[in-house]
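Novice: The structure is given below, and queries will be raised subsequently.
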Amino acid sequence: MFEQENPSMLHDNLSHDVVNDKIIYFEFTLKVCYGYNPSLGVTLALHVCNPQYLDDALCNFDFTRHLSTKGLYPITSNTTPPLESPESCVLVQLHLVSRHGARYPTSSDVKKFDILDSLFSSIPLAQDWPNPFNYSKAGLLTNRGEHELYLLGKRARQRYYEFWHNITYDSNVVVFQSSAVSRTGQSGNAYAFGLFSGYGSLSDLKLQPVYISSIPRNQDTELSMHHACPLWLATVNDSNFTRKWQEEKYLDAFISTISRRISDRLKIEPPLDPIHINYIYRACSFAVSFSDKNDTWCSLLEKDDFLQIEYLLDMGYYYSFSYGYQLNTKLACRFFTSFVESVESYLTGRSEVRSTLKFAHAETIMFLTTMLGLYEDNYPLTADTLPQQIASRKFRTSRLTPFSANVYFEIYNCSTRYDADPVFGTILIQLLVNEQPTVIPKCVYTYCPWKTFKQLLGDAINCDFDDMCKLTHSKFSLSMQYYDFVNINI
Ligand SMILES: O=P(O)(O)O[C@H]1[C@H](OP(=O)(O)O)[C@@H](OP(=O)(O)O)[C@H](O)[C@@H](O)[C@H]1OP(=O)(O)O
């Protein structure tokens with residue numbers, strides 16, 4: 001039974017990254033792909049495989065990039081280039097919302113892994129794969145999760161060197177906040193160590209202690225907004241018949257083939273149920289994130305299995321935390337109300353807050369990006385969605401919300417720009433998702449005029465969260481309707 005993952009393994013990974021932190025040239029490989037096209041007949045195509053594209057399903061299928069919210073954060077470097085601000089602009093505020101780092105499985109997942117132990121108790125292949133997790137550490141941050149957030153903080157010090165160079169930590173200037181869960185508070189600490197070590201006053205390491213506030217989950221309308229919304233809890237969470245129906249349909253239509261194949265091959269009696277494939281997928285995910293083992297439970301799954309289970313989970317998250325229900329598109333309104341207030345009170349001299357650094361959950365990131373209209377497909381994600389639509393969908397939790405997923409909002413003051421706003425001069429906002437500059441829909445470039453950003457938020461700013469989330473009979477029945485892209489006003 002694992003008591004603790006091997007920290008030296010993580011240091012090896014770190015040293016490996018540092019040692020290899022040089023430009024290496026990838027050889028390209030050409031892949032001749034052939035197929036039959038009804039109108040063209042047999043067709044040949046050349047596909048250039050570039051190992052840098054870790055997720056090229058035609059060439060370098062890397063299943064560890066398809067582990068949904070249980071996947072590892074793709075950036076492991078402790079170096080990053082400095083920020084290049086837009087011309088005649090200065091970064092004046094920096095806001096972060098980060099998911100916590102890699103964690104131990106929750107109790108519900110530990111239970112799933114115990115069930116796998118009994119299902120595979122007589123299968124020789126799996127005798128060396130006993131469940132390594134117990135309930136005592138359920139949901140806690142792992143050493144790897146600490147490292148991920150520490151490195152995120154170190155990269156922030158480098159990308160925003162000029163910004164942080166002029167700031168000395170004080171809790172009125174740099175505001176840390178986490179949800180009321182240990183893994184998020186500890187992640188905030190790890191980030192602070194990465195950001196401020198060498199710039200504090202404690203010990204020869206010049207450590208900087210920070211204050212991290214949190215609010216009870218059922219009152220936290222900014223970071224655990226769904227737990228603070230009775231309407232969401234009673235409808236989207238407890239009575240999500242649409243999600244359950246779509247998942248059952250997809251399990252039966254597609255995942256059942258996988259469970260039959262594995263049951264037949266390993267002679268498992270009674271045969272596995274389709275849902276057990278989701279258990280194997282999760283056991284694989286934690287074998288990778290906790291022990292760097294991708295040859296145990298993962299070895300039972302093939303490429304298409306990973307893609308199908310990934311879609312099954314994405315569908316679930318779509319209905320619970322994103323476009324599958326209209327209420328989900330509004331749940332981040334308190335967060336953005338506070339965000340806009342924080343930016344404008346600083347710009348108008350009413351506040352000295354230069355940075356807010358918040359640490360929460362995968363669903364927090366999903367609610368935020370959903371409110372901004374990011375990663376929305378122009379078709380619903382259902383069990384009947386066409387294969388090419390599934391393959392090209394924008395809503396992908398493996399890319400959006402792996403462990404340590406994060407969203408930065410950079411606020412720039414551009415003194416001499418052409419489209420000066422009469423009130424706020426020319427303020428630009430840039431969004432980064434997992435450290436990649438990202439265009440917000442309705443903004444033309446990654447640098448978006450502040451007034452445009454506020455317009456796209458509309459009446460989310462100063463929303464009445466309590467009224468929106470009040471559980472009344474009419475709202476309950478209305479929100480139970482399948483959200484089929486007809487905006488139902490709640
Ligand atoms: O399926 P599990 O139990 O892991 O779900 C967790 C959530 O994990 P996720 O599904 O996002 O991988 C966890 O989110 P996290 O970002 O903190 O990892 C959430 O906080 C926890 O309550 C579980 O969600 P659930 O909906 O309550 O099952």
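The values are calculated or read from the model by the stated rules, or taken from the named source; none is laboratory data. All figures in this text were calculated on a predicted structure; none of them were measured in a lab. Cβ coordinates were reconstructed from backbone atoms using ideal geometry, including for glycine residues, and neighbour counts include every protein chain displayed. For accessibility, only protein heavy atoms count, side chains too; no ligands or nucleic acids. Shrake-Rupley method; radii C 1.70, N 1.55, O 1.52, S 1.80 Å.
Novice: Suppose R0 equals 51 Å; then what is the FRET efficiency for LEU456 and LYS137 from their Cβ-Cβ distance, rounded to the nearest 0.05?
Specialist: Working: r = 41 Å, r/R0 = 0.81.
Calculated value: 0.80.
Novice: Here is a follow-up. Residue-wise, which Karplus ³J(HN,Hα) couplings in Hz belong to the range 337-353, taking 6.51 cos²θ - 1.76 cosθ + 1.60, θ = phi - 60°, and x for glycine or proline?
Specialist: Karplus values, whole Hz, x for Gly and Pro: 5, 5, 4, 4, 5, 5, 5, 6, 6, 6, 5, 9, x, 8, 8, 9, 6.
Novice: Taking a quarter of the surface of the Cα convex hull of the range 336-454, what do you get in nm²? Mind showing how you got there, number by number?
Specialist: On the way: hull surface 35.1 nm².
Over all viewing directions, the range 336-454 projects a mean Cα-hull area of 8.8 nm².
Novice: So if each residue of separation counts as 0.36 nm, and I subtract the Cα-Cα distance between GLN436 and SER77, what length gain in nm does that give? Before the final figure, lay out the partial values.
Specialist: Values: separation 359, 0.36 × 359 = 129.24 nm, distance 1.44 nm.
Separation in residues times 0.36 nm, less the Cα-Cα distance, equals 127.8 nm.
Novice: Output wanted: per-residue J couplings in Hz (rounded whole) for the range 92-103, from phi through Karplus 6.51 cos²θ - 1.76 cosθ + 1.60, θ = phi - 60°, x for Gly and Pro.
Specialist: Karplus-based 3J(HN,Hα) across the range 92-103 equals 10, 9, 9, 10, 10, 10, 10, 6, 5, x, 3, 10 Hz.
Novice: Further question on the same structure: Compute the distance in nm between two label points, each set 7 Å from the Cα along the Cα-to-Cβ direction, one at GLN388 and one at SER415.
Specialist: The answer from the label model is 5.4 nm.
Novice: Could you name the lysines whose alpha carbon sits less than 18 Å from that of LYS111, not counting residues in the same chain fewer than 8 places away?
Specialist: LYS70, LYS137
Novice: For GLU84 paired with SER239, estimate the spin-label separation in nm (one decimal), with each label point 7 Å from Cα along the Cα-to-Cβ line.
Specialist: With each label placed 7 Å out from Cα toward Cβ, I get 5.4 nm.
Novice: Still on this structure: Which residues among the range 61-87 fall inside the zone where the amide N is under 11 Å from a point 7 Å beyond the Cα of SER182, along Cα→Cβ?
Specialist: No residue qualifies, since no backbone N sits under 11 Å from the label point.
Novice: Averaged per residue, what accessible area in Å² does the range 63-490 show with a 1.4 Å probe, protein chains only? Please list the in-between numbers first.
Specialist: Working: 17710 Å² over 428 residues.
Spelled out: the 1.4 Å probe surface of the range 63-490, per residue, equals 41 Å².
Novice: Compute, for the range 63-490, the length of the dipole vector about the Cα centre, with Cβ point charges of +1 (Lys, Arg) and -1 (Asp, Glu) only. Units Debye, rounded to 20. Present the calculation step by step, with values, prior to reporting the outcome.
Specialist: On the way: 40 positive and 43 negative charges, 71 e Å.
Approximately 340 debye in magnitude.
Novice: Simple spin-label model, 7 Å along Cα-to-Cβ: GLN219 to SER291 in nm?
Specialist: 4.2 nm
Novice: Ranked highest first by average number of other Cβ atoms within 10 Å, how do 384-395, 230-241, 126-137, 333-344 line up?
Specialist: On the way: 384-395: 13.0, 230-241: 17.2, 126-137: 15.3, 333-344: 20.0.
The packing order, highest mean first, is 333-344, 230-241, 126-137, 384-395.
Novice: Something else now. Go through the range 77-91 residue by residue and turn each phi into a ³J(HN,Hα) via Karplus (6.51, -1.76, 1.60, θ = phi - 60°); whole Hz please, and just put x for glycine and proline.
Specialist: 7, 9, 9, 7, x, x, 5, 10, 6, x, 3, 6, 10, 10, 6
Novice: Give me the lysines in straight-line cross-link reach of LYS206: C-alpha distance below 29 Å, same-chain residues under 8 apart excluded.
Specialist: Here the lysines satisfying the reach criterion relative to LYS206 are LYS22, LYS154, LYS358.
Novice: Go ahead and run the numbers for FRET between TYR161 and ASP466, Cβ-Cβ distance against an R0 of 25 Å, rounding to 0.05. Present the calculation step by step, with values, prior to reporting the outcome.
Specialist: Details: r = 42 Å, r/R0 = 1.67.
Efficiency computed from Cβ-Cβ geometry: 0.05.
Novice: What does the convex hull of the Cα atoms come to per residue for the range 63-490, in Å³?
Specialist: Working: hull volume 65.0 nm³, N = 428.
Spread over its residues, the Cα hull of the range 63-490 gives 152 Å³ apiece.
Novice: Let me ask something else. On the accessible surface of the range 302-371, probed at 1.4 Å, how many percent belong to carbon and sulfur atoms? Show your work: numbers first, answer last.
Specialist: Details: 740 of 1650 Å².
With neighbouring chains kept in place, the figure for the range 302-371 is 45 percent.
Novice: Please give the net charge around ALA460, taking every other residue with its beta carbon less than 14 angstrom from that of ALA460, where Lys and Arg add +1 and Asp and Glu add -1.
Specialist: That sum, taken over residues with Cβ under 14 Å, equals -1.
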